[in-house]
Amino acid sequence: FGIGAAAGDQARGVVRIGLSRAGMEQGLRAALRSSLLLFAVATALGIVVMLLFLHYIVTPIHRLSERLARVAAGDLSSRLPENRTDEIGRLSRSFNAMAEGLQSSRAAMREAQEALLHSTRLAAVGEVAGQAAHEILNPLSAVYGRLENERHRMTTFSVPMLRVLEQIVNGWSE
């Protein structure tokens with residue numbers, strides 16, 4: 001395109017500016033390449049950041065899930081590292097406190113069961129001993145009662161008889 005320069009009514013010159021289509025296309029291609037390269041670098045960087053973030057978040061949650069499965073299976077000694085200060089660290093500390101509480105309550109329950117078993121055994125021994133004493137004392141009570149009756153009868157009736165026998169013996173001796 002061109003622009004004319006005039007002085008009054010007369011044209012004095014024309015300034016022409018020309019742009020080549022090939023130059024413009026080459027500039028657009030360079031801009032497109034730069035944009036695509038920038039997009040690829042930004043996308044790659046975004047993917048790397050996302051993977052690092054996922055690793056930072058997902059790995060501890062996966063570890064927590066594994067430890068929960070172990071606790072559910074009965075392994076109460078399983079613990080998580082408590083080196084983080086974020087929500088996952090608080091979750092790890094809560095998990096560890098829960099596992100310790102379960103472990104101590106299970107130990108207390110085991111001790112209580114053993115004490116209950118011991119007291120049940122002692123009660124059974126006491127009951128057997130009571131029954132044995134009852135079985136032994138019943139006949140002994142009857143024997144004791146008869147012996148007491150005989151002693152009473154002997155003291156009542158036998159003492160005068162013994163005096164008579166004594167007199168007879170003394171009489172025979174003389």
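The values are calculated or read from the model by the stated rules, or taken from the named source; none is laboratory data. Keep in mind the model is a prediction, meaning the values are calculated, not measured. Note: ideal-geometry Cβ built from the backbone for every residue, glycine included; neighbour counts use all protein chains shown. Side chains included, ligands, DNA and RNA excluded: accessible areas come from the protein's heavy atoms. Shrake-Rupley method; radii C 1.70, N 1.55, O 1.52, S 1.80 Å.
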Met50 - accessible surface, heavy atoms, 1.4 Å probe, Å² rounded to 10: 100
The stretch 17-62 versus the stretch 146-167: alpha-carbon centroid distance in Å: 130
Accessible area of Thr59 in the full protein assembly, 1.4 Å probe (Å², nearest 10): 50
For the chain, diffusion coefficient by Stokes-Einstein and Kirkwood Rh (Cα), 10 °C, 1.306 mPa s, µm²/s: 54
Accessible-area ranking of Arg21, Arg110, largest first, probe 1.4 Å: Arg21, Arg110
Heavy atoms of His118 accessible to a 1.4 Å probe, total area in Å² rounded to 10: 110
Ranked order, Asp75, Asp9, Asp86 - accessible area, probe 1.4 Å, largest first: Asp9, Asp75, Asp86
Share of carbon and sulfur in the accessible heavy-atom surface of the stretch 8-115 [1.4 Å probe, %]: 64
Among Ser65, Ser94, Ser34, residue whose mean-square fluctuation peaks in a GNM of the chain (springs only between Cα atoms under 10 Å): Ser34
Cα-centre dipole for the chain with unit charges at Cβ (Lys and Arg positive, Asp and Glu negative), debye to 20: 1560
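Suppose all protein chains stay in the model; what accessible area per residue would a 1.4 Å probe give for the chain, in Å²?
84
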Gaussian network model of the chain, Cα within-10 Å springs - most flexible of Leu64, Leu91, Leu45: Leu45
Highest-MSF residue in the chain out of Arg79, Arg106, Arg29 [GNM, Cα springs under 10 Å]: Arg29
